[in-house]
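Colleague: I have a structure I would like to understand better, so I am pasting it below and will then ask my questions one at a time.
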Amino acid sequence: MAEELFMRDPTSEASSTLRAPVPFPPDITGKTIALLDIAKERSDEFLDTLETRFTADGFIVKRYRKASNSKNAAQDIVQAIVSEADIVVEGLAD
Amino acid sequence: MANEADGLIAIVKRDCPTCELVAPVLQRLKDTGVPFTIYTQDDPTFPDGMDGVVDDTALEQSFHHDVEFVPTLIRREKGAEVERTFGWNREDWEKLTGIQGLGEGLPENQPGCGSKSVEPGVHELLQARYGAVPMKARKIAYSGWDDPVEQAFSRGWTDGLPIVPPTDERILRMLQGTPRDPAEIVGIIPPDMKECTVEKVAINAVMAGCLPEYMPVVLAVVEAALDPRFCMHGLLCTLSYSGPVIVVNGPITKQIGMNWGHNCLGQGNRANATIGRTLQLIIRNVGGGRPGEIDRAVFGNPGKFTYCFAEDETDATWTPLHVARGVAPGRNAVTLHQGHGLTSFSDNRSRTGEELARSMALQLVNDIHPKVVQTPNVILCISPEHYRIFEQDGWDRAKIEDKLHEYTTRPGKDLVQGAHGVPEGVSPEKMKDMMPKFWRDHGLLIVRCGGTAGLLSAIIGGWSGGRNHDEIQPVTKEF
């Protein structure tokens, strides 16, 4: 009865990798902030408010938008944010 | 391992009249002194009184010798089989053994019986135990003292209900339900974007409780769910209620015993229940989409355990869903809808198509919110009794659809934000427009199904993601 039996693994058999987040810049003065609109309803209203306030505080703001909230951001958007901005704010809404 | 010795080999069982018949022949062959091994499948004392009979009740030798019938007589030379015969045929046995005059008094010929090693379900068990298997998935060992069902729970493999442990013999049986290579990649499963092979589909189908003959449907369902238009990634992580809802059409629904009649959206039918469950287990196990993690549903819905049914195609006047969506009549197809729940629609007083369509429209406009339009796609399940009212007026699918779209189109002034004291609604700029509730090409999927008694129909609501109608749609896949 105590023999060893086995089942087959139904999962992808992947092991997760923990990656530390990029450290927050010690000084954000004059940094470029990306505002990513995830295309949920009223995301733009929320991000418009942020843009106004960031701009008033001297930040450079760049806007990006996903095609739809239900799908992942396209690779070119991700790469553009990485190459063009220092900080990203991803906007939810509804 | 198979016996590698040269000479004669016989495989027999007591529960075979022909094996009983040839017992004296076996004794005579043994008496000649030629190397002779007799394997018995069911009773180590059979043939009675014969020395040296080898117990093969574990069927290992029968499996290795690929025995389909008993008695089987094999002659081996130089380590390899050179000839075999099965059943009793005097001429064949004399030719194989080179000994004349065998079986005096016996008939010239008598067919044998099936080998125990090829009885239903046994062969896969023997293959799992003694043979090579095509499965590549990692083996998860457990002690004979452990309950494999509890092991599956503890590993997070289940949807909250017990699963059938995915052992090799069960997976082998499941793989027999498809001619496809177990290593073939069916698609990339979100959210972890991991490859899913036919083998992984079979493993999860075993766990869900499927029969092998469901595999063609299951594979079509997985492929449909991975069509970019279905947006499985977004659906599995939505705040909304929805999950995949599966409608199956075509001859296979009858072949595998699916339910399109009484309680077709409820419990009690194995195919309905397990096909839908398999997709959800694959999303969970292969894709990593789990509630409370990336699945952020506020409520979810009971259909996220399983939501699968067939359409009633027994009425020749009705155009089935898959045909309406471009699949040839007589072909099989699955249609996947991003949906949830069930809204009742009971109307016992309408007696004309016109009355019934207007009545249905009153309920259809309410999905998600009465003032939200062109967002949810819905399935309308029309019962046979409700369909009969349309059919008696000469209304076919096309006319029913036309009228329901017409009667669910309303003035913008009633739907704009703030109208009727309700902030929710469409943009104020739509004030003077007429606003259809559903997208014309795919927003209203009608399925004829349900029990034959009852002036009831049912609405399966849709996902709010449907507002992105160019990108997110129901998907039909032929197979």
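Colleague: In the protein assembly as shown, what percentage of the DSSP-assigned beta bridges are antiparallel, given to the nearest 5?
Modeller: Of those bridges, close to 65 percent are antiparallel.
Colleague: I would also like to ask the following. Hey, got a sec? Which trypsin sites (Lys or Arg not before Pro) in segment B:134-228 land in a DSSP loop and have at most 13 other Cβ atoms within 10 Å?
Modeller: B:LYS136, B:ARG138
Colleague: Now a separate question. With 10 angstrom as the radius, rank B:CYS237, B:CYS308, B:CYS231 by how many other C-beta atoms surround their C-beta, starting from the fewest.
Modeller: Going from sparsest to densest Cβ surroundings: B:CYS237, B:CYS231, B:CYS308.
Colleague: Another question, if that's okay. How would you classify segment B:7-130 from its alpha-carbon gyration tensor, with a ≥ b ≥ c the square roots of the eigenvalues: rounded for a/c under 1.5, else prolate if a/b is greater than b/c, otherwise oblate?
Modeller: Cα axes put segment B:7-130 in the prolate bin.
Colleague: Fewest Cβ neighbours within 10 Å first, please rank A:SER43, B:SER350, B:SER344 accordingly.
Modeller: Ascending number of Cβ neighbours within 10 Å: B:SER344, B:SER350, A:SER43.
Colleague: What per residue convex hull volume, in Å³, comes out for chain A when only alpha-carbon positions are used?
Modeller: Dividing the Cα hull volume of chain A by its residues yields 169 Å³.
Colleague: Still on this structure, I have one more. Taking Cα centroids, how far is segment B:344-409 from segment B:145-206 in Å?
Modeller: With segment B:344-409 and segment B:145-206 each reduced to a Cα centre, they are spaced 40 Å.
Colleague: Which value in deg cm²/dmol, rounded to the nearest 500, describes the helix-derived mean residue ellipticity at 222 nm for chain B, given -39,500 (n - 2.57) per DSSP H run of n ≥ 4 and division by the residue count?
Modeller: -8000 deg cm²/dmol
Colleague: Then there is this: If you average over every viewing direction, what projected area does the convex hull of the Cα atoms of segment B:351-414 give, in nm²?
Modeller: It is 4.4 nm².
Colleague: Would you mind classifying the protein assembly as shown by shape? Square roots of the alpha carbon gyration tensor eigenvalues, ordered a ≥ b ≥ c; an a/c under 1.5 is rounded, otherwise it is prolate if a/b is larger than b/c and oblate if not.
Modeller: In terms of gyration-tensor shape, oblate.
Colleague: Now for a separate question. How about the protein assembly as shown: what cysteines have no other cysteine beta carbon under 4.7 Å from their own?
Modeller: Isolated Cys, the protein assembly as shown: B:CYS196, B:CYS210, B:CYS231, B:CYS237, B:CYS264, B:CYS308, B:CYS381, B:CYS449.
Colleague: First select every other residue whose beta carbon is under 15 angstrom from the beta carbon of B:PRO320; then total the charges, Lys and Arg +1, Asp and Glu -1.
Modeller: For residues surrounding B:PRO320, the net value is -2.
Colleague: Same structure again: What percent antiparallel are the DSSP beta bridges of chain B, to the nearest 5?
Modeller: Bridges in chain B that DSSP calls antiparallel: roughly 70 percent.
Colleague: Rounded, prolate or oblate: which one fits chain B, using the alpha carbon gyration tensor with axes a ≥ b ≥ c (rounded when a/c is under 1.5, else prolate when a/b beats b/c, else oblate)?
Modeller: It comes out prolate by the Cα gyration axes.
Colleague: Related question: For the cross-link pairs B:LYS371/B:LYS432; A:LYS40/A:LYS71; A:LYS71/B:LYS200; A:LYS40/B:LYS477; A:LYS62/B:LYS430, which exceed 21 Å when the distance is taken from alpha carbon to alpha carbon?
Modeller: Distance filter (> 21 Å) returns A:LYS71/B:LYS200; A:LYS40/B:LYS477; A:LYS62/B:LYS430.
Colleague: Still on this structure, I have one more. Helix A:75-84 versus the longest principal axis of chain A: what angle, 0 to 90°, nearest 10, using Cα atoms?
Modeller: Result, in degrees: 50.
Colleague: Along the charge dipole of segment B:7-130, Cβ charges K/R +1 and D/E -1, which of B:PRO35, B:GLY105, B:ALA58 sits furthest on the positive end?
Modeller: Of the listed residues, the answer is B:PRO35.
Colleague: I would also like to ask the following. Taking the 0 to 90 degree range and rounding to the nearest ten, how far is the long axis of helix B:17-31 tilted relative to the main principal axis of chain B, both from C-alpha atoms?
Modeller: Tilt relative to chain B: about 40 degrees.
Colleague: Nearest 10 degrees, 0 to 90: what angle lies between the long axis of helix B:215-225 and the longest principal axis of chain B (Cα atoms)?
Modeller: That works out to roughly 30 degrees.
Readers should treat all values here as calculations from the given coordinates under stated rules, not as data from a laboratory. What you see is a predicted model; the values in this text were computed from it and never measured. Note that we place each Cβ from the backbone using ideal geometry, even for glycine, and neighbour counts take in every protein chain shown.
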